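Chemist: Dropping a structure here in structure tokens format, bear with me for questions.
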Amino acid sequence: MFALLRHAILAAGLFGAAASALAAPVADAATLAAVRACVPARPCAAKLPVRVVVVTMFEIGKDTGDKPGEFQLWKERRNLTETLPFPQGWHDLAYDPQTGVLAMVTGMGSIKSATAALALGLDERLDLSKAYWLVAGIAGIDPEDASVGSAAWARYLIDGDIAHEIDAREIPTAWTNGYFALHSKGPMDPTPLEPANGEMFELNPALQDWAYTLTKDIALPDDPRMAEARKAFAGYPNAQKPPFVLKGDNLAAMTFWHGAKMNQWANDWTTFWTRGKGEFVTSAMEETGTFQSIEYLTKVGRADRDRVLVLRAASNFTMPPPGVDAATYLLSENQGYAGMTVALESLYTVGGKVVDVITGDWARFGPAPPK
């Protein structure tokens, strides 16, 4: 079943590539040749028009032909034939001159993602002024909200690193935890704070709604092993469903946390910084760093913060099923995320649909994002 679905997804991607070949290329041969002659991070008279930047965070081995990370399916299934050296970042860039799709690998963590995104935006070889940015990566998922393999479109990006912290062995008995907002008076302090240091960002809600509406009915890949594993989450009906597309916000933190108590902290942290408007669904490491750089680039006309989409697909749960301790479950997941293959397929299937629609109707989406 999964093999047949994978084949159908691949066939759809090939059909999209074949259809795009009928249109005039976004970058012609003369522009490509001129850009190839430019030195990275130096002035370049020619610029490659970019319609979509696919932002991935890691690759496991080679870019093609082995066990895939977040980048490989885009590289293998799209016409990303043009490699652009990118020594000022983590990984070389890949570009499709036919559609104007550019894929990057930032490296893991908010420091690498922020510096890579900023370096990309300042690269003289690229015109990103009207580009859409699709962050497409795997994540942990709250079993209250969805199952492994599910894909969530975020509206709010919350940073989990800027905070005060007290060692767990020294937490006052009246406190719920030892981790609380910078400039607050403790974890019980409900006083709203402004996210002046990048603690929270809100994406363009109309663009999120549009992407969700476009993809919410897509059937996502599943497999028997995952179906059996999610039975353990008794009392969590959304965790027991086959993978699906949903809306849900992302919390980015450099520490890979896990467990029911940390999961409750993530929900509380999201509620605090979004003033009750957001819902913690996925955990990752990079979004707030990536988006902070896009905010800066927007100020100088090198990017548009209203054209950013964040899609995370679940490779694992953020807490164990009932009856299993957090340490045991976390260490077992560290041997290899059980849902990573399916999550990568979900990312490509859902994200690819959005990329195809944007690039295929540029006369509509180029001038302004959908409303």
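Just so you know, all these numbers are worked out from the coordinates, no wet-lab data involved. In this text the structure is predicted, and so the values were computed from the model without any measurement. Note: ideal-geometry Cβ built from the backbone for every residue, glycine included; neighbour counts use all protein chains shown.
Chemist: Quick check on the exposure proxy: order Asp96, Asp217, Asp209, Asp63 from fewest to most C-beta atoms within 10 angstrom.
Modeler: Asp217, Asp209, Asp63, Asp96
Chemist: Taking amide H positions as placed 1.01 Å from N in the peptide plane, with prolines and chain starts having none, which residues 5 or more places from Asp127, or on another chain, fall under 5 Å of its amide H?
Modeler: For Asp127, whose amide H was placed from the backbone, the distant partners under 5 Å are Leu48, Val50.
Chemist: Pairing the Cα long axis of helix 340-360 with the longest principal axis of the chain, what angle in degrees results, from 0 to 90 and rounded to the nearest 10?
Modeler: With both axes taken from Cα atoms, the answer is about 40 degrees.
Chemist: With a ≥ b ≥ c taken as the square roots of the eigenvalues of the C-alpha gyration tensor of the range 95-154, please select rounded if a/c is under 1.5 and otherwise prolate if a/b is larger than b/c or oblate if it is not?
Modeler: Prolate is the answer for the range 95-154, as a/c is 1.5 or above and a/b outweighs b/c.
Chemist: Can you compute the charge dipole magnitude of the chain about its Cα centre, using +1 on each Lys and Arg Cβ and -1 on each Asp and Glu Cβ, nothing else charged? Give it in debye, rounded to the nearest 20. Write down the numbers at each step before the final one.
Modeler: Values: 33 positive and 42 negative charges, 162 e Å.
Here the size comes out at about 780 debye.
Chemist: Is the shape of the range 270-371 best called rounded, prolate or oblate, per the rule: a/c under 1.5 gives rounded, else a/b larger than b/c gives prolate, else oblate, with a ≥ b ≥ c the square roots of the Cα gyration tensor eigenvalues? Intermediate values should be presented prior to the final figure.
Modeler: Values: a/c = 2.62, a/b = 1.72, b/c = 1.52.
Prolate, because a/c is 1.5 or more and a/b exceeds b/c.
Chemist: Right, next: State which entries of Lys75/Lys231; Lys75/Lys371; Lys130/Lys299; Lys277/Lys371; Lys47/Lys299 exceed 25 angstrom in Cα-Cα distance in the structure shown.
Modeler: Lys75/Lys231; Lys75/Lys371
Chemist: Could I ask something else about it? If you line up the long axis of helix 287-299 against the longest principal axis of the chain, both from Cα atoms, how many degrees apart are they, to the nearest 10?
Modeler: Roughly 50 degrees, rounded to the nearest 10.
Chemist: Here's a follow-up. I need the phi-derived Karplus couplings for the range 110-124: 6.51 cos²θ - 1.76 cosθ + 1.60, θ = phi - 60°, integer Hz, Gly and Pro marked x.
Modeler: Residue by residue, the range 110-124 yields 5, 5, 5, 5, 5, 5, 5, 5, 5, 4, 5, x, 9, 6, 5 Hz.
Chemist: Looking only at the chain, where both bridge partners belong to it, what percent of the DSSP beta bridges are antiparallel (to the nearest 5)?
Modeler: Percent antiparallel among DSSP bridges in the chain is about 35.
Chemist: Given the options Leu80, Leu331, Leu311, state which has the largest fluctuation in a GNM of the chain using a 10 Å cut-off (strictly under) for Cα springs.
Modeler: Leu331
Chemist: Can you sort Met262, Met200 so the residue with the fewest Cβ neighbours within 10 Å comes first?
Modeler: Met262, Met200
Chemist: Can you sort His91, His183 by how many other beta carbons sit within 10 Å, fewest first?
Modeler: His183, His91
Chemist: In addition: Pick out, from Cys44, Tyr179, Leu122, the residue whose Cα sits farthest towards the positive end of the charge dipole of the chain, with +1 on the Cβ of Lys and Arg and -1 on the Cβ of Asp and Glu.
Modeler: Positive-most Cα among the choices belongs to Cys44.
Chemist: Another question, if that's okay. Per residue of the range 194-207, what does 6.51 cos²θ - 1.76 cosθ + 1.60 with θ = phi - 60° give for ³J(HN,Hα)? Whole Hz please, x for Gly and Pro, Karplus curve as stated.
Modeler: Taking θ as phi minus 60°, the curve returns 7, x, 6, 9, x, 5, 7, 10, 10, 7, 5, x, 5, 5 Hz for the range 194-207.
Chemist: Sticking with this structure for a sec: Defining a contact as two alpha carbons under 8 Å apart and six or more residues distant in sequence, what relative contact order in percent does the chain show?
Modeler: Rounded, it is 23 percent for the chain.
Chemist: Still on this structure: Tyr132: net charge of surrounding residues, Cβ under 9 Å, Lys/Arg +1, Asp/Glu -1, itself excluded?
Modeler: Net of charged neighbours comes to +2.
Chemist: Per-residue ellipticity at 222 nm for the chain, helices alone: DSSP H runs ≥ 4 residues times -39500 (n - 2.57), over residue total, nearest 500 deg cm²/dmol?
Modeler: On the way: 11 runs with 123 residues, N = 371.
The helix-only estimate for the chain comes to -10000 deg cm²/dmol at 222 nm.
Chemist: Further question: Which is farthest toward the positive dipole end of the chain among Leu331, Pro205, Thr270, measuring Cα position about the Cα centre, with Cβ charges +1 (Lys, Arg) and -1 (Asp, Glu)?
Modeler: Of the candidates, Pro205 comes out farthest on the positive side.
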